[in-house]
1. What is the extension gain from Leu39 to Ala189, computed as 0.36 nm multiplied by their sequence separation minus the C-alpha to C-alpha distance, in nm to one decimal?
2. Taking Lys199 as the anchor, which lysines have their alpha carbon closer than 16 Å to its alpha carbon, excluding any fewer than eight residues away along the same chain?
3. How big is segment 76-186 in terms of Cα radius of gyration and Dmax, in angstroms?
4. So if each residue of separation counts as 0.36 nm, and I subtract the Cα-Cα distance between Tyr11 and Arg157, what length gain in nm does that give?
5. Compute the Cα gyration tensor for segment 8-52, then decide on rounded, prolate or oblate, letting a ≥ b ≥ c be the square roots of its eigenvalues: rounded whenever a/c is under 1.5, prolate when a/b is larger than b/c in the other cases, and oblate in all that remain.
6. Report Rg (one decimal) and Dmax (nearest whole number) for segment 182-223, counting Cα atoms only, units Å.
7. Which one, Glu172, Glu30, Glu56, has the greatest fluctuation when you compute a Gaussian network model over the chain with C-alpha springs under 10 angstrom?
8. How much FRET efficiency would the formula 1/(1 + (r/R0)^6) give for Ala168 and Thr22, where r is the Cβ-Cβ distance and R0 is 45 Å, rounded to 0.05?
Amino acid sequence: MPSEHLQIFGYADQISAAPGETIRFMVSCEGASRYRADLVRIVNGDMNPDGPGYREVVVRTPINRMHQGRRQDTYCGSYGIVPPRHRLDALNSFTVQAVIWPTTPDKGEQAIIAKWDAPRRRGFQLLLDRRGALAVRIGDGGGRTSTLSTGSAVLAREWYVVGASYDAATHELRVWQEAYQHFPRSDSAAVAARTTRLKTAATPATPLTFAAIVRRMRGARRQTALHFNGKID
């Protein structure tokens, strides 16, 4: 396989060990089924082109050999989670609100509050969109989604009251953002509303999450995505 598709990531469970102690190495390998590992003594680690150059000496150990490789996912955080509850699972209409302090609002979609079944694309999300504006997304479970954005990016490192709602009776979708402080020439306070034919689907067995969505389950472990960078009150 071409080298550009080969990725090997690894880390040790501790940075040093005394004679007789053990260091464990966790390795994730993509693009190949096997990899080679050697224990080396670094004679010179200076990569300066004006210096003597990098030099290492292989130390003979039993680990110096080919090893079986496999992909090992990293389960990122942090996020908050409320286990599934009947009252939340049966919601047709909803209103959610939070106070946020976004650190990097322009770094892609970031979930604030969500009850989202990612494989079935059903439920709702209150999130920052790719432009850093507040948005609400709903899904009907049939692959169709509807997203409404304020279209106005929030300022980084400022407090905002944000929220979203969906009324199943009127089919109105609404999202809003309001800064705690007002700044000259800033239009970061905004409200957007529209009616939609799409109906949000109930999400049984799906948790309510803060600062992320659950992308999928791997056994008893949750793989999350759309992590929010900042503070949520």
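Where a number appears in this text, it was derived from the coordinates with a stated rule and is not lab data. Nothing here was measured: the structure is a model prediction, and the numbers come from that model. Every residue, glycine as well, gets a Cβ built from its backbone with ideal geometry; the counts of neighbours run over all protein chains shown.
1. 48.3 nm
2. Counting by Cα, and skipping residues close in sequence, Lys199 has these lysines nearby: Lys115.
3. Both quantities, over Cα of segment 76-186: 14.4, 46 Å.
4. Gain on stretching Tyr11 to Arg157: 49.3 nm.
5. Oblate is the answer for segment 8-52, as a/c is 1.5 or above yet b/c matches or exceeds a/b.
6. 17.7, 51
7. Glu56
8. Once the sixth-power term is evaluated, E becomes 0.20.
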